[in-house]
Amino acid sequence: MNRDLSLLIGILVSLLALLLIWIFYTTLAADPGPRLAPLALEQLPNSGVSHPVTAVLLNYRAYDTLLELAVLLAAILGIWSLGPAPSGFQPAGPALTVLANWIVPLAIITGGYLLWVGGHAPGGAFQAGALLGSAGVILRLAGHERAGLPNEAAQRWLVVAGVGLFLLVGLLLAVFGAGFLTYPKASAKWLILLIETAATIAIGSTLAAAYVGGRPPLAQSTSAASKDLGA
Amino acid sequence: MSLLLFVFDSILLLTLLGLATAAVLSPEPRNAVMLFIAFGLWLSLVWARLGAPDVALAEAAIGAGIGGALMLAAARRSARRDNRRDNRRDNRRDNRRDVSCQDAQ
């Protein structure tokens, strides 16, 4: 039964791979004429940033990025609904503690740099958020039960910050501006930076909370209670 | 120079395919995840070689780093659960054996 199931999954995955290869081949062979890259580069001065990838992600296709953040939010809601988090690791030894003390601040500073540099060079909210998240992973491995995150109520605010601020800006622009997520040229740079900052914080705390792997542990959990939750 | 680049690209691609195959065929989840992390880091090299540093950064940070950490944690938890189930089954079998021993007596 189990073997038949894995065989079936294998066949379905191979069929999917064949379909994808076929689509790739036909699009390359058919060559649908001019691509979107020249258009994107032409509109770059109006986008508020000077890096084309960030312009596509946060301006031309901001809707896609909003939905990506919503996917992350849905994922963390799913993880939290699985039940309480397992108890954390025991406090780290001296070597790992010193390493964490060095790496975590460095990761946070590098994350901030990647966020800022995303406007004119490779970088951006997802990479910066991943660095913040990895700082949380290191803290959790070094024995911090909540991966450096605040209590549960504050975590909920952090996790919805990205989608929330993105939607708020979009709706305000839809009511008072040119349309949903159509930034006015003068303030585009600052709106993008605002959205990216909120997205970075949300992505970082979502990834760290995902690594904790369950509903946030209570602050004043006794060791017996946490052993109970971990079982 | 272009020959050198061709050799470099071939090594890059062959190693990528090898890592992918090894990760898929590995029976042990822990080993599969480690191979997958190596695959992600290697893939970020390929993206950099293709001139897409944004994708390379995202692949290394999210695909290999955070994804790998999440999957390692999941593999550890599922292994622990399997162990517990095996222990329970062993215990039950031991109990039954005890009962049958008592019957014999």
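The figures follow:
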| quantity | calculated |
| --- | --- |
| Which listed residue, of B:LEU16, B:LEU43, B:LEU4, B:LEU57, is assigned to a helix (DSSP H, G or I), open to solvent by 40 Å² or more (accessible area, probe 1.4 Å) and more than 14 Å from chain A (Cβ to nearest Cβ) | B:LEU4 |
| Where a residue in segment B:9-22 is within 18 Å of B:ALA48 (Cα to Cα) and its partner, wherever it lies, is of a type in the set (D, E, K, R) and open to solvent by 50 Å² or more (accessible area, probe 1.4 Å), with Cβ under 9 Å and at least six apart | B:ASP9/B:ARG49; B:LEU12/B:ARG49 |
| Criterion: within 26 Å of A:SER47 (Cα to Cα), more than 14 Å from chain B (Cβ to nearest Cβ) and either surrounded by fewer than 21 Cβ atoms within 10 Å (Cβ to Cβ) or acidic (Asp, Glu) (or both) - qualifying residue of A:PRO122, A:PRO184 | A:PRO184 |
| Residue list for segment A:187-221, filter: open to solvent by 10 Å² or more (accessible area, probe 1.4 Å), assigned to a helix (DSSP H, G or I) and more than 14 Å from every other protein chain (Cβ to nearest Cβ) | A:LYS189, A:TRP190, A:LEU191, A:LEU193, A:LEU194, A:THR197, A:ALA198, A:ILE201 |
| Residue match in segment A:102-113 (condition: within 14 Å of chain B (Cβ to nearest Cβ), part of a helix (DSSP H, G or I) and of a type in the set (S, T, N, Q)) | yes |
| Selection count where residues are buried (at least 16 other Cβ atoms within 10 Å of the Cβ) and under 24 Å from A:GLY143 (Cα atoms), scope segment A:39-95 | 9 |
| Any chance B:ALA64 is within 14 Å of chain A (Cβ to nearest Cβ), within 26 Å of A:LEU132 (Cβ to Cβ) and open to solvent by less than 60 Å² (accessible area, probe 1.4 Å) | yes |
| Meets criteria (of a type in the set (D, E, K, R), within 12 Å of another protein chain (Cβ to nearest Cβ) and without any contact (Cβ under 8 Å) to a residue 24 or more places away in the chain) for B:ARG88 | no |
| Positions within segment A:128-141 being within 7 Å of chain B (Cβ to nearest Cβ) and either more than 18 Å from A:THR65 (Cβ to Cβ) or touching a Ser or Thr at 6+ places or on another chain (Cβ under 9 Å) (or both), in sequence order | A:LEU131, A:GLY133, A:SER134, A:VAL137 |
| Single residue of segment B:68-83 satisfying the filter (touching a residue at least 24 places away in the same chain (Cβ under 8 Å) and open to solvent by less than 20 Å² (accessible area, probe 1.4 Å)) that is farthest from A:GLU68 (Cα to Cα) | B:ALA75 |
| Residue under evaluation A:TYR25, criteria (1) open to solvent by 80 Å² or more (accessible area, probe 1.4 Å); (2) closer than 27 Å to A:PHE126 by Cβ; (3) not assigned by TED's automatic domain parsing to the domain that holds A:VAL169, criterion not met | (2) |
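The values are calculated or read from the model by the stated rules, or taken from the named source; none is laboratory data. Since the structure is predicted, the reported quantities are computational estimates derived from the model, not experimental observations. Positions of Cβ are generated from backbone atoms using ideal geometry, with glycine treated the same way; all protein chains shown enter the neighbour counts. Surface areas here come from the heavy atoms of the whole protein model, side chains and all, with no ligands, DNA or RNA. Shrake-Rupley method; radii C 1.70, N 1.55, O 1.52, S 1.80 Å.
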